[in-house]
């Protein structure tokens with residue numbers, strides 16, 4: 001049996017053969033109390049959507065990340081590494097109509113669930129690419145106004161998406177006054193934050209939340225926040241963002 005054959009299997013249902021690529025983990029969906037949850041073979045929640053409000057930013061960290069607009073209100077070129085359930089992609093598409101949005105997701109099984117999460121069809125300003133996020137970033141230079149990174153495998157942050165080399169490439173990929181926003185959810189938050197600080201010449205600030213996520217903002221060019229900004233600074237920006245859109249209280253991850 002070839003390597004490719006070993007990484008795939010054929011499922012037979014009556015007379016129909018379906019070829020399933022198993023070289024990537026296959027996500028599972030569950031519904032409980034009006035919440036649709038995306039996860040893999042663990043209790044680690046990848047994404048959640050309120051079924052009767054599919055565009056709602058339910059989780060705190062997603063609101064912190066989308067508060068980038070308080071620093072970059074009119075982005076023209078936005079890239080997102082990691083699709084998940086599409087919370088960030090849907091918000092960017094709906095609230096930044098003048099931006100070109102490229103979403104990069106390495107797992108084809110995650111992309112295949114896009115309709116369940118009401119992710120818009122691709123058009124002239126939205127592309128969803130099935131490719132390696134680290135390689136995508138490495139092929140860009142001085143282009144992106146905003147780069148969002150919210151990508152996890154089964155239960156951790158992939159090493160090639162949190163290395164110093166990756167963050168060096170993120171810096172190069174950004175336009176002259178670009179902004180990187182990263183979601184960390186790992187025991188190595190402080191070590192990874194130190195890498196971002198080094199790649200961005202010290203111009204980074206982080207904010208942990210009560211759900212175990214730490215969101216990092218890092219900028220290229222002119223500093224976008226006070227030099228002495230603390231974790232409370234991003235928290236206040238998130239609250240400002242929530243008030244702007246009357247979002248109300250965020251929910252805790254269910255599952």
Check your understanding: Relative to the first principal axis of the alpha-carbon coordinates of the chain, what is the inclination of helix 189-199, with its axis defined by its Cα atoms, in degrees from 0 to 90 and to the nearest 10?
Key -> 60 degrees
**Study point:** Full-stretch length increase - residue 239, residue 76 - with 0.36 nm per residue and alpha-carbon distance subtracted
**Key:** 56.2 nm
Review point. How far apart, in nm, are two points set 7 Å out from the Cα along the Cα-to-Cβ line at residue 95 and at residue 231?
Key: 2.3 nm
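Please find the FRET efficiency linking residue 142 to residue 55, where r is the Cβ-Cβ separation and R0 is fixed at 22 Å, and quote it to the nearest 0.05. Walk me through the numbers before you get to the answer.
Working: r = 32 Å, r/R0 = 1.45.
Efficiency computed from Cβ-Cβ geometry: 0.10.
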Check your understanding: On full extension of the chain, what length is gained from residue 23 through residue 130, given 0.36 nm per residue of separation minus the C-alpha to C-alpha distance?
Key -> 37.2 nm
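Work out the FRET efficiency for residue 247 and residue 211 from their Cβ-Cβ distance, taking R0 = 22 Å, and round it to the nearest 0.05. Display every interim value, and only then the final one.
Numbers: r = 16 Å, r/R0 = 0.71.
For R0 = 22 Å, the calculated efficiency reads 0.90.
For the chain, what is the mean residue ellipticity at 222 nm derived from helices alone (per DSSP H run of n ≥ 4: -39500 (n - 2.57); sum divided by total residues; nearest 500 deg cm²/dmol)? Write out the running numbers ahead of the final one.
Values: 8 runs with 65 residues, N = 255.
Rounded to the nearest 500, it is -7000 deg cm²/dmol.
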Revision key, fill the gap. Nearest 10, in degrees from 0 to 90: the angle of helix 231-244 to the longest Cα principal axis of the chain is 70 degrees
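Taking the inverse of the average 1/r across all pairs of different Cα atoms in region 44-86, what Kirkwood radius in Å do you get? Walk me through the numbers on the way to the answer.
On the way: mean 1/r = 0.0831 Å⁻¹.
Computed over Cα pairs of region 44-86, the Kirkwood hydrodynamic radius comes out at 12.0 Å.
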Practice item. Obtain the radius of gyration and the Kirkwood radius of region 210-255 from its C-alpha atoms and give Rg over Rh. Key: 1.03
Review point. So how tilted is helix 164-173 from the main axis of the chain? Cα-based, degrees 0 to 90, rounded to 10.
Key: 70 degrees
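What length, rounded to one decimal in nm, is gained on full extension from residue 201 through to residue 121, with 0.36 nm per residue of separation minus their alpha-carbon distance?
25.0 nm
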**Study point:** Overall form of region 146-255 per C-alpha gyration tensor (a/c, 1.5; a/b vs b/c)
**Key:** oblate
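Under 8 Å for C-alpha pairs, at least 6 residues apart: give me the relative contact order for the chain, rounded to a whole percent.
On the way: 466 pairs, mean separation 45.8, N = 255.
This gives 18 percent for the chain.
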Review point. For the chain, what class follows from the C-alpha gyration tensor (a ≥ b ≥ c being the square roots of its eigenvalues): rounded when a/c is under 1.5, otherwise prolate if a/b is larger than b/c, else oblate?
Key: prolate
**Study point:** Peptide ranges 47-54, 176-183 listed from the most packed, as the mean C-beta count within 10 angstrom indicates
**Key:** 176-183, 47-54
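Every number here is computed from the coordinates shown, using simple stated rules; none is lab data. No experiment lies behind these values; they were computed from the predicted model shown. Every residue, glycine as well, gets a Cβ built from its backbone with ideal geometry; the counts of neighbours run over all protein chains shown.
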